[in-house]
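Enquirer: Quick one: structure below, then a few questions.
The values are calculated or read from the model by the stated rules, or taken from the named source; none is laboratory data. Given the structure is predicted, the values throughout are model-derived calculations rather than measurements. Glycine gets a Cβ as well: all are built from the backbone with ideal geometry, and neighbour counts include every protein chain shown.
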Amino acid sequence: MKKSLRFGSAIAIAAVASLTLASCGFGGGDGDDSASGETTLDLLVPSYSDATQGLWEDVIDGFEDANPDITVNLEVQSWDNLESVIATKIQGGEAPDIYNGGPFAGFVADELLYPVEDVVSPDTFSDFQDSFLANAEVDGTAYALPLIASARALFVNNALLQQAGVEAPTNWDELLDAATKVSALGGGVAGYGMPLGSEEAQAEAAVWLWGGGGTFGDAETITVDDPSNLPGAEQVKKMIDAGATQADPGSTQRSPLMDIFIQGKIGMQVGLPPTVGQIAEGNPDLDYSIVPIPTKDGSPFTLGVMDQLMAFQNDGDKQEAITKFFDYYYSADVYVPWVQSEGFLPVTKSGAEALSGEEALAPFLEVLPGAQFYPSTNPQWSATDAAFKALFGQIQTKPAQDVLTEIQAQSDAG
């Protein structure tokens, strides 16, 4: 594999692919058999890769071997379906016992979740990185366990940039110039891959809005329709209007667009740690670099993402079983292979120590200190997230200010 990193060299990590996976249904009943002394836990998770289901099945097999009185029923959903699935289950009184997802503050407001200190041992709780645990708190109490963390960086096709006579950009002016010149090469090549479709529009929006000094708000207030966000939104539109992106970015999904980058048809696109593994499997000869995301003025920035595990208070008799599962999963010999296989960053101190020598993670670990996170502890964030996914792609044809105003209105409406 031909590859260079502005921060240093890297090696390939486990390959991951598309974010679609067939789901396995939950078992019937209430999951607790008092007569037999057996307990059943329902676990709902999203698909991070084609390997996700098998990785969880391995964890469950090991856990059930160690705890023969506990059965874990696994359901895997795509990210596109996950939030509607969990909402439907909650409305039907069938919330999973354990859930791997993103926004969770709304569940806290409805008093549906256990405080995490009630469902992990003190040793497990103390092993989490403090900054990640703080990002899972509502009013000073953690209600979700950090699962994985990720930072983003710009993946650059060195060959295409060389053909266009440009270098990897560090700020918006350089990015616009470089992307426009790469697009001008023709042959189906796009300068910058801009996914504004419903899969993860909020992430691409954050890259631009925050890169221009903007913010989505904090735990108390959501601020999308804010003057600080307008420079980034207008730059998105400037990129599109200049022909610096792929065709129809407003409806383009991130995962298939990254596949096109891997095929060598996109000059630059923001990617995640697992992208390294995708390239290793899909096109190991791709000549690429990983560099910091360009911002308005070139200052350091990355979008940090942290997904969580949380436990619903469905049945008090399950609390002990949930605690056993969490303690088992987060033990270093179980958790580290899982997070390493999915290609993300560990959230535990023991995990970080175990993976400190992984060169493939170095570019992302290096930019992580400057990471900004979604305001996921704001109960309004879930509606805001949905509004970005539904509306931000319209910036392709609508004025930037109008789009920000519409997203704010939908967020405020809940």
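Enquirer: Which residues, taken from region 391-408, are farther than 18 Å from residue 203 by Cα, free of Cβ contacts under 8 Å to residues at least 60 places away in the same chain and in a helix (DSSP H, G or I)?
Expert: If the condition is that a residue be farther than 18 Å from residue 203 by Cα, free of Cβ contacts under 8 Å to residues at least 60 places away in the same chain and in a helix (DSSP H, G or I), then 402 is the only one that fits.
Enquirer: Any idea which residue in region 321-356 is nearest to residue 152 (Cα to Cα), counting only those that are assigned to a helix (DSSP H, G or I) and in contact with a Ser or Thr (Cβ under 8 Å, 6 or more places away or on another chain)?
Expert: Only one residue fits best here, namely 342.
Enquirer: Within the set of pairs 6 or more residues apart or between chains, which connect a residue that is not assigned by TED's automatic domain parsing to the domain that holds residue 142 inside region 81-105 to a residue that is modelled with pLDDT of 95 or more and among the polar types (S, T, N, Q) with Cβ atoms less than 7 Å apart?
Expert: Qualifying pairs under 7 Å: none.
Enquirer: The conditions are (1) farther than 15 Å from residue 197 by Cα; (2) among the hydroxyl-bearing types (Ser, Thr, Tyr); (3) under 23 Å from the mean Cα position of the chain (by Cα), and residue 251 fails exactly one of them. Which is it?
Expert: (1)
Enquirer: Would you please name the residue that is surrounded by the most Cβ atoms within 10 Å (Cβ to Cβ), looking only at residues in region 292-304 that are out of contact with any helix residue (DSSP H, G or I) (no Cβ under 8 Å at 6 or more places or on another chain) and in contact (Cβ under 8 Å) with a residue 12 or more places away in the chain?
Expert: Among those residues, the one meeting the criterion is 298.
Enquirer: Among the listed residues 72, 59, which satisfies the condition of being buried (at least 19 other Cβ atoms within 10 Å of the Cβ) and part of a helix (DSSP H, G or I)?
Expert: Unique residue meeting the criteria: 59.
Enquirer: With among the small types (Gly, Ala, Ser), out of contact with any Leu (no Cβ under 6 Å at 6 or more places or on another chain) and either surrounded by 20 or more Cβ atoms within 10 Å (Cβ to Cβ) or not assigned by TED's automatic domain parsing to the domain that holds residue 204 (or both) as the only criterion, which of 150, 126 stands out?
Expert: Of the residues listed, the single one that is among the small types (Gly, Ala, Ser), out of contact with any Leu (no Cβ under 6 Å at 6 or more places or on another chain) and either surrounded by 20 or more Cβ atoms within 10 Å (Cβ to Cβ) or not assigned by TED's automatic domain parsing to the domain that holds residue 204 (or both) is 126.
Enquirer: Also: Of the residues that sit in region 208-236 and are hydrophobic (A, V, I, L, M, F, W, C) and more than 30 Å from residue 140 (Cβ to Cβ), which one is nearest to the chain's Cα centre (by Cα)?
Expert: 208
Enquirer: Moving on to the next point. Kindly establish whether residue 285 is charged (D, E, K, R) and either within 21 Å of residue 141 (Cα to Cα) or assigned to a helix (DSSP H, G or I) (or both).
Expert: no
Enquirer: Pick out the one residue from 184, 178, 190 that is touching an Asp or Glu at 6+ places or on another chain (Cβ under 9 Å), within 17 Å of residue 246 (Cβ to Cβ) and either at pLDDT below 95 or among the hydrophobic types (A, V, I, L, M, F, W, C) (or both).
Expert: 178
Enquirer: Here's something else I'd like to know. Do we have any residue at all in region 267-286 that's surrounded by fewer than 22 Cβ atoms within 10 Å (Cβ to Cβ) and either β-branched (Val, Ile, Thr) or in contact with a strand residue (DSSP E or B) (Cβ under 8 Å, 6 or more places away or on another chain) (or both)?
Expert: Yes - at least one qualifying residue is present in region 267-286.
Enquirer: Being touching a strand residue (DSSP E or B) at 6+ places or on another chain (Cβ under 7 Å), surrounded by fewer than 20 Cβ atoms within 10 Å (Cβ to Cβ) and in a helix (DSSP H, G or I) is the filter here, so list the residues in region 246-266 that pass it.
Expert: Correct list: 260 only.
Enquirer: Within region 276-286, is even one residue of a type in the set (D, E, K, R) and assigned by TED's automatic domain parsing to the domain that holds residue 101?
Expert: Among the residues of region 276-286, not one is of a type in the set (D, E, K, R) and assigned by TED's automatic domain parsing to the domain that holds residue 101, which makes the answer no.
Enquirer: Further, regarding this structure: Among 307, 218, which is the only one that is charged (D, E, K, R) and surrounded by fewer than 16 Cβ atoms within 10 Å (Cβ to Cβ)?
Expert: Checking each option against the conditions leaves just 218.
Okay, residues lined up against (1) among the charged types (D, E, K, R); (2) farther than 26 Å from residue 366 by Cβ:
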| position | (1), (2) |
| --- | --- |
| 221 | no, yes |
| 233 | no, yes |
| 248 | yes, yes |
| 252 | no, yes |
| 267 | no, no |
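Enquirer: Take region 104-116 and flag every residue that is assigned to a loop (DSSP other than H, G, I, E, B) and crowded, with 23+ Cβ neighbours inside 10 Å.
Expert: 104
Enquirer: Being of a type outside the set (D, E, K, R) and either without any contact (Cβ under 8 Å) to a residue 24 or more places away in the chain or crowded, with 23+ Cβ neighbours inside 10 Å (or both) is the filter; apply it to region 311-330 and report the residue that is nearest to residue 146 (Cα to Cα).
Expert: That would be 330.
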